[in-house]
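What follows is a single structure, written as structure tokens, with notes after it.
The values are calculated or read from the model by the stated rules, or taken from the named source; none is laboratory data. Keep in mind the model is a prediction, meaning the values are calculated, not measured. With ideal geometry, Cβ positions are generated from the backbone for all residues, glycine too; neighbour counts draw on all protein chains shown.
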Amino acid sequence: MLGLEFYKKLVQICSELQMKPEDLLLIMKLESGISPTAHNPAGNASGLIQFMPSTLKNMGYTDGHEKFRTLDAVTQLDYVKSYIEQNSSRTDYHDKRL
């Protein structure tokens, strides 16, 4: 169970990104089952939205994909937000459903 802190932070970052929380939750559900410990061994994708190791490194996370999966869901949301900010304009997310 992810808890109230996770949902509060999810709502906060979605508001800042001009997204609907349910849209981001759907992405996380499809990618990881909303599990911060999720791992796809085929490419070592990890976490809530299945970050690839190279993506984590490009985002400044240098501890490796194994360690990333030990971060709690609330902490991983910071990386999710950063990834969305770096890879799309806010207009794109505001105008489209994910």
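For S15, are the conditions met, namely being of a type outside the set (A, V, I, L, M) and crowded, with 17+ Cβ neighbours inside 10 Å?
The answer is no for S15.
With respect to K81, determine if the residue is part of a helix (DSSP H, G or I) and more than 12 Å from the chain's Cα centre (by Cα). Let's see the steps before the verdict.
Details: part of a helix (DSSP H, G or I): yes; more than 12 Å from the chain's Cα centre (by Cα): no.
Against the criterion (part of a helix (DSSP H, G or I) and more than 12 Å from the chain's Cα centre (by Cα)), K81 does not qualify.
Any residue in the range 69-92 that's under 16 Å from Q18 (Cβ atoms) and modelled with pLDDT of 95 or more: show its pairings with residues that are of a type in the set (F, W, Y) and buried (at least 19 other Cβ atoms within 10 Å of the Cβ) at Cβ separation under 7 Å, as long as the two are six or more apart or on different chains.
Partner pairs satisfying both residue conditions: I84/Y93.
For residues that are of a type in the set (A, V, I, L, M, F, W, C) and part of a helix (DSSP H, G or I), scanning just the range 53-77, find the one that is nearest to the chain's Cα centre (by Cα).
L77
Given I27, I34, I13, I49, which one is among the β-branched types (V, I, T), over 16 Å from Y83 (Cα atoms) and out of contact with any strand residue (DSSP E or B) (no Cβ under 8 Å at 6 or more places or on another chain)?
Within the list I27, I34, I13, I49, the selection yields I34.
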